[in-house]
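Structure record follows, encoded as structure tokens.
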Amino acid sequence: MGHLRKYFLGIVSGTTLALLLFPSSLSARAKVVGPPEVAWKDMNAKQKRVYMKEAVQPKMKEVFQAFDGKRFAKFTCETCHGKDASDRKYKMPSNDIHPLPNTPETFQAMMKKEPTWPKFTEFMAKKVVPAMGTLLDVPVFNPAKPVKGAFSCEKCHRLETTTP
């Protein structure tokens, strides 16, 4: 019984000592700064990284897995930011997300040609774009009333370039 008591007290003492010696690690994890308290554009790189990891990634993982749990079973930063995300400092749009047509006519043609496009377009328009707009505290793109800085497809997807 004495050995168990000493072992338990050692664990408690060690934990207490760690909290006393390294309080910043505990407070850094507990405090997530982000919109609307601090605008995304005003956050520094560390704040953005923590906010993405603690707020955006878990919410978007939930959204994508609800849409297709099998396809998005593994949902990491690279799912949206791409395999070269670290090299690009996680800047968007991603190199790995399928580029979108750069005209409404071409987009509509792809909607008719590609069987998965209508399903994905509806998902993106009704789930992904509104969720990201909320998380970043920015307006969501509305073609009837365009607003500068609104969250839209082009925030994540590159637009195809046309060659003359």
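The values are calculated or read from the model by the stated rules, or taken from the named source; none is laboratory data. What you see is a predicted model; the values in this text were computed from it and never measured. Please note: Cβ atoms are built from the backbone with ideal geometry, for glycine as well, and neighbour counts cover all protein chains shown.
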| said: Cβ-Cβ distance below 6 Å, separation of 6 or more or different chains: which pairs start in the range 40-51 with a residue that is touching a residue at least 12 places away in the same chain (Cβ under 8 Å) and aromatic (F, W, Y) and end on one that is crowded, with 17+ Cβ neighbours inside 10 Å and assigned to a loop (DSSP other than H, G, I, E, B)? | reply: Y51/G34
| message | Residues that are in a loop (DSSP other than H, G, I, E, B), surrounded by 14 or more Cβ atoms within 10 Å (Cβ to Cβ) and touching a Leu at 6+ places or on another chain (Cβ under 9 Å): does the range 130-141 have at least one? | response | no
| query | Quick check: is even one residue across the range 60-70 of a type outside the set (A, V, I, L, M, F, W, C) and in contact (Cβ under 8 Å) with a residue 40 or more places away in the chain? | reply | no
| query | assigned by TED's automatic domain parsing to the domain that holds N44 and touching a strand residue (DSSP E or B) at 6+ places or on another chain (Cβ under 9 Å): does that describe F107? | reply | yes
| request: Please work out which residue is nearest to M124 (Cα to Cα), limiting yourself to the range 71-92 and to residues that are within 12 Å of the chain's Cα centre (by Cα) and in contact (Cβ under 8 Å) with a residue 24 or more places away in the chain. | output: C80
| query | Exactly one of (1) on the phi > 0 side of the Ramachandran plot; (2) touching a strand residue (DSSP E or B) at 6+ places or on another chain (Cβ under 7 Å) is unmet by F151. Its number? | reply | (1)
| note | Of the residues in the range 106-156 that are of a type in the set (S, T, Y) and in contact with a helix residue (DSSP H, G or I) (Cβ under 9 Å, 6 or more places away or on another chain), the one that is nearest to A39 (Cα to Cα) is T134
| task | Confirm whether F120 is among the aromatic types (F, W, Y), in the same structural domain as F64 (by TED's automatic domain parsing), within 25 Å of A66 (Cα to Cα) and surrounded by 16 or more Cβ atoms within 10 Å (Cβ to Cβ). | result | no
| field | Positions within the range 26-40 being at pLDDT 80 or above and either aliphatic (A, V, I, L, M) or surrounded by 11 or more Cβ atoms within 10 Å (Cβ to Cβ) (or both), in sequence order | value | V32, V33, G34, P35, V38, A39, W40
| Counting residues that are hydrophobic (A, V, I, L, M, F, W, C), which helices (runs of 4 or more DSSP H) fully inside the range 37-99 reach at least 3? | 57-67
